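Everything on this sheet refers to the single structure shown next.
Just so you know, all these numbers are worked out from the coordinates, no wet-lab data involved. Nothing here was measured: the structure is a model prediction, and the numbers come from that model. All Cβ positions, even for glycine, are placed from backbone atoms using ideal geometry, and neighbour counts span all protein chains on display.
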Amino acid sequence: MNYKWSCFLLQILMPKFVFLIVEQEMNNIEALKWRYATKKFDENRLLSEDKIEILKHAFNLTATSYGLQPIKMVIVHNKELQQKLVSYSMNQQQVASASHVLVICIEREIGREFIENYFKYVQKVRATPNEVLSPFKDFLIDDFKNKHIDEITSWATNQAFLAMGTLLTVSATEAIDACPMEGFEPDKYDEILGLDKLNLKSVLVLPVGYRAKDDMFSEFKKVRRPISDIIIELE
């Protein structure tokens, strides 16, 4: 392909490409304006397997400190089980009416073994020599060894919140309704879902699905402070 022909194609295609990028960015903002904490789901509409796969990948791709991923997600798609969880969710009925309930959990034990397993996987995926990885690995092992269990739990919980943010954003762009929840009894969830046996602790809950037509909250105007009131720009 000669130079003139290449320039001609760029002149035609580049504006369209830029337009698509800008349009996608605008769609993302509109999606975030569209989303709200759904209080009532349409029980007759279920998320497709394709949508659930998207949420799985979004969770897996979320950012975490050091890349350690001290989190796991339990997907509940069982009406009887969901109804049972309502009693331990401050009677919030969206847990029962949602298509699926995503329970974000953290690892109960994050120490030498957990960190070493992570670096073994890094070495497998990237083929990075052990001598390159060892200094950082040893630093993390020492760092976590000196942390109190409450500090580690708090750190891991912060990673769960990062994942929640990712899930909420991706849900909005996929026109999936969701309701982020902290109001539940983790110990009861852990017992009912058998999380103790998996060495996991539930920290956040995210019912997902499609909003019911009569969910009055869907009609409420979104209340957010002015951009100028929450953004500080230093130049």
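Things to note:
- Hits in region 86-127 - residues which are within 23 Å of Lys56 (Cβ to Cβ), of a type in the set (S, T, N, Q) and surrounded by 15 or more Cβ atoms within 10 Å (Cβ to Cβ): Ser89, Gln94, Ser97, Ser99
- Unique residue being surrounded by fewer than 11 Cβ atoms within 10 Å (Cβ to Cβ), over 23 Å from the mean Cα position of the chain (by Cα), touching a residue at least 40 places away in the same chain (Cβ under 8 Å) and farther than 19 Å from Asp50 by Cβ when the list is Asp214, Asp229: Asp214
- Residues located in region 43-83, provided they are touching a residue at least 60 places away in the same chain (Cβ under 8 Å), outside any loop (DSSP other than H, G, I, E, B) and of a type in the set (A, V, I, L, M): Ile54, Leu55, Ala58, Leu61, Ile71, Met73, Val74, Val76, Leu81
- Cβ-Cβ under 9 Å pairs, at least 6 apart or on other chains, region 187-200 side without any contact (Cβ under 8 Å) to a residue 12 or more places away in the chain and more than 16 Å from Gln83 (Cα to Cα), far side of a type outside the set (Lys, Arg) and in a loop (DSSP other than H, G, I, E, B): Asp187/Tyr88
- Restricting region 31-71 to residues that are loosely packed, with under 12 Cβ neighbours inside 10 Å and over 16 Å from the mean Cα position of the chain (by Cα), the residue that is farthest from Leu102 (Cα to Cα) is Lys33.
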